[in-house]
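Please read the structure below before turning to the comments.
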Amino acid sequence: MLYFAPWKIVVILVTCLLGILFAVPNLFTREQLATLPGWMPAQQVNLGLDLRGGAYLLLEVDLEGVQRERLESLVESVRSELQAGRIRYTGLGVVGNAVQVRIRDAAQFDTAREALNKIPQPLSAGFLGGSGGKDVQIEAGPDGLFTLSFAEQGLKERADAAISESIEIVRRRIDELGVTEPSIQRQGADRIIVQLPGVGDPGRIEEILGTTAKMTFRMVDTSPEAIAGRTPPGSMLLTSDTERGADGKPRTFVVRKKIEVDGDELENAQAALNQQTGQWVVNFRFNSAGGRKFANVTKENVGKPFAIVLDNKVISAPVIREPILGGSGQISGNFNVQTANDLALLLRAGALPAPLNVVERRAIGPDLGADSIRAGWIASVIGFALVVVFVFAAYGLFGLFANIALVLNLVLLVGLLSLLQATLTLPGIAGIVLTMGMAVDANVLIFERIREEQRLGRGVIGSIDAGFKRAMSTILDSNLTTILTAIVLFSFGTGPVRGFAVTLMLGIAISMFTAIWVCRLMLAEWVRRRRPRQLYV
Amino acid sequence: MPMPRLRLVPTETHWPFMRWRNFAFALTAALTLLSAGAMYVQGFNFGIDFAGGIVMEVRTPERADLGKIRSHLSGLGLGEVALQEFGSPNDVLIRVQRQEGGDEAQKAAVDKVTAALREDVGEGISFRRTEFVGPKVSGELIEGAVIATLISLVGIMLYVWFRFEWQFGVGAAITTIHDVVMTLGFFAVTGYEFNLSSVAAVLTVMGYSINDTVVVYDRIRENLRKFKTMDLQALIDLCVNQTLSRTVMTSITTLLALVALVVFGGEVIRSFCASMIFGILIGTYSSIFVAAPLLIHLKLRRGGQGAAATTDQPASAGTA
């Protein structure tokens, strides 16, 4: 037991040195770190949102909303195809997850089938080479009933695309807001986790993320029917949040469902103060295709009102005075500086493919985080002091060795946390303190065993040797079961609880190294140099 | 010169733990019934992680007028609103029950409460923490917690079964379940909020308890091979006495660390750490008075691993 192979000593010492090296950056401020030589590790422990302050948002992509919207647009496609073919139909609408329509005239069944067959588009080829599947399946029932539904495979593709796109848009919006070091990840089938360090009040961000921001330009329905207050098929009744009628209630508009220009074709949008009116406005510019469409629409409809619609609310409905050929325009809708800037931001970042709902929010103010760090520090220092004093009182010199091993354990833990960039949370600090208590267990097992072996009449070296050897399997069994529960905790937990599992797991794993190997090395050195004739464990 | 040592347990003890086992079993049964009863009658004070709803922690510039804030918030029509002082007279913890009508409704309620508080306290108020959990997420969290606990339990049982004999596995599982039930009972009796960190606390207690149990079992396994003819009851007594000093030492160091956390670690983790203190006391008790005597009742076979028998003096001793 006195003999350690030289390579073993080297491995133990190098491991300790590396641990210290990786732990050291935590002693410096970020500014000081920047001045350190390049070969020094500069990663600090990553503080969780509960310690540094910040917001955690769990967003759910409303895939049902996407599906609803697609069904509605399918209805419109059916309507326009049938109208174009002068086919008489009835009962067009959404039934469950499909669109149904009944053709009135039996003689037109075949023409109707031909017309409807124009709707399905080929699916993007899968990695199997694509079997020529279409995104919409058409079933023709008896007596002229046609049912159109989306292909299963297409649905999944759409859903996946909708999530990836949502993540992209969320990222763009948050970048525009100037949050530093945001983290945006996908979770599960339809969720997005957004973590925003330093944001104590995420109210405005939530508002911005929760806005779909689907902007469309459509014509206002000016048919006699619409003016009389009815909503003809192909049009819809929308309200306005910004404009009020004579009675003080929000104004309503009958707007054509047909989209003339889509917000996707916007290239830029900026808030600006209109010098003449003194009002905040949003200036926008279309890309070339959008600009062309916009030019055509405005050319054909001079003198008629058109509507700028955002998420099914009319922002404004100006009358087209002259064709707008340059591809840029201005939206004025009773904005203030914030609403104008928010709208411009949303238009620049693009529309979400589906509505997003915040299903969980946890926001911690930075001062609470600072308080938690302080409390954690105090508790750690005091906990450490209590344990160290107690262990020394119980085991004397051996306790001192155990305490050195414990200090090393903590240093290595900090170093490993920095290296792995694991997140330290408040429960994580509790995990470290708990580790201090439990890490001594390995040494306690060994020392108690050494005492016993001595009582059985063994010599100094024999007792130490047997103590380590006998305690080994117990240490392994007991620590592995603890690590097992920590792993389960890690895989099931979120945020703070995960931080707890990480520190507990790493702390106990490291304790097997420090309490067994490092402590044994110290003991061996001591025995070799002092040649004690008796042990006072 | 040897320094005097702090000894909490005499160097050599011969306490007849197994003779007390029937008394211990009665006590255990009573406590278990009490726990189960408390869970049934009182139930848990579920936090928002599991019940859904809203929690806000605010700090007011002056001593907070809880009565005034309470009456204002209760008038908002948000259902049950609970207020409590949180660590200092300037800190208030507000809990609002889950709102009917999905995630949007939770958000709207947060806005309402925020506005009401601004009005009551003025601009000096600081919102230290705002959390809300929608109904769907809270349901999933419950499911996750239950699954995690079951997986840990089964994992522990399998591990112990694999390393020992089946009686040890069953004994460890029963002991662990006992500790989990007691810790849950602690939450029911004290009315401490039961949330995700409570599950972490329960799982940690589980880990600690099994750690303790395994140490005793390990010694039983070792002594079974060493003393082939000793009566099982006497043998278990011997093992518990041999490991007693270690059991107490480790419990104390762990408890010392936890006490530091409870006293100085702040309000947020207080109930988390307090429940672990309870659990560790229970875990220590159960490894001596539940896990060990269970082996007698599970009719542990003698000499099951006789082939691996070793003598008291390994040949390698003293040659290093």
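The values are calculated or read from the model by the stated rules, or taken from the named source; none is laboratory data. Just so we're clear, the structure is a prediction, and the values are computed from it rather than from any experiment. Glycine gets a Cβ as well: all are built from the backbone with ideal geometry, and neighbour counts include every protein chain shown.
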message: Being among the β-branched types (V, I, T) and either more than 24 Å from A:V387 (Cα to Cα) or more than 10 Å from chain A (Cβ to nearest Cβ) (or both): is that true of B:V199 here?
response: yes
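Of everything in segment A:396-428, what is part of a helix (DSSP H, G or I), small (G, A, S) and closer than 20 Å to A:A501 by Cα? Give them in sequence order.
Those that are part of a helix (DSSP H, G or I), small (G, A, S) and closer than 20 Å to A:A501 by Cα: A:G415, A:S418, A:G428.
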query: Can you pull out the strands (runs of 3 or more DSSP E) entirely within segment A:11-110 that have at least 1 residues that are under 29 Å from the mean Cα position of the chain (by Cα) and not assigned by TED's automatic domain parsing to the domain that holds A:I259?
result: A:54-61
task: Answer yes or no: is there a residue in segment A:60-80 that is crowded, with 17+ Cβ neighbours inside 10 Å and touching a Ser or Thr at 6+ places or on another chain (Cβ under 6 Å).
output: yes
task: Working carefully through the options A:G431, A:G437, find the one that is closer than 19 Å to A:I516 by Cβ and part of a helix (DSSP H, G or I).
output: A:G437
- line: Counted residues in segment B:220-272 being farther than 30 Å from A:A370 by Cβ and assigned to a helix (DSSP H, G or I) come to 28
query: Would you pick out the residues in segment A:316-336 that are β-branched (V, I, T) and in contact (Cβ under 8 Å) with a residue 24 or more places away in the chain?
result: A:I324, A:I331
field: Identity of the residue in segment A:437-466, of a type in the set (V, I, T), crowded, with 24+ Cβ neighbours inside 10 Å and within 7 Å of chain B (Cβ to nearest Cβ), that ends up nearest to the chain's Cα centre (by Cα)
entry: A:V440
- line: B:M206 vs (1) surrounded by 22 or more Cβ atoms within 10 Å (Cβ to Cβ); (2) more than 19 Å from B:R21 (Cα to Cα); (3) away from chain A (no Cβ under 12 Å): all pass except (3)
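If I ask for residues that are surrounded by fewer than 18 Cβ atoms within 10 Å (Cβ to Cβ) and in contact with a strand residue (DSSP E or B) (Cβ under 8 Å, 6 or more places away or on another chain), which ones from segment A:233-256 would you list?
The answer is A:G234, A:M236, A:L237, A:T239, A:D241, A:T242, A:E243, A:R244, A:G245, A:P250, A:R251, A:T252.
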message: Tell me yes or no: at least one residue of segment B:114-126 is assigned by TED's automatic domain parsing to the domain that holds B:V216, over 20 Å from the mean Cα position of the chain (by Cα) and without any contact (Cβ under 8 Å) to a residue 60 or more places away in the chain.
response: no
message: Go through (1) buried (at least 19 other Cβ atoms within 10 Å of the Cβ); (2) at pLDDT below 90; (3) over 30 Å from A:G65 (Cα atoms); (4) within 14 Å of chain B (Cβ to nearest Cβ) for A:A375 and report which single condition fails.
response: (2)
Qualifying positions in segment A:89-102 - surrounded by 12 or more Cβ atoms within 10 Å (Cβ to Cβ) and over 26 Å from A:E152 (Cβ atoms): A:Y89
message: Please verify whether B:L31 is surrounded by fewer than 16 Cβ atoms within 10 Å (Cβ to Cβ), more than 13 Å from every other protein chain (Cβ to nearest Cβ) and either in contact (Cβ under 8 Å) with a residue 12 or more places away in the chain or more than 30 Å from A:L535 (Cα to Cα) (or both), treating the condition exactly as stated.
response: no
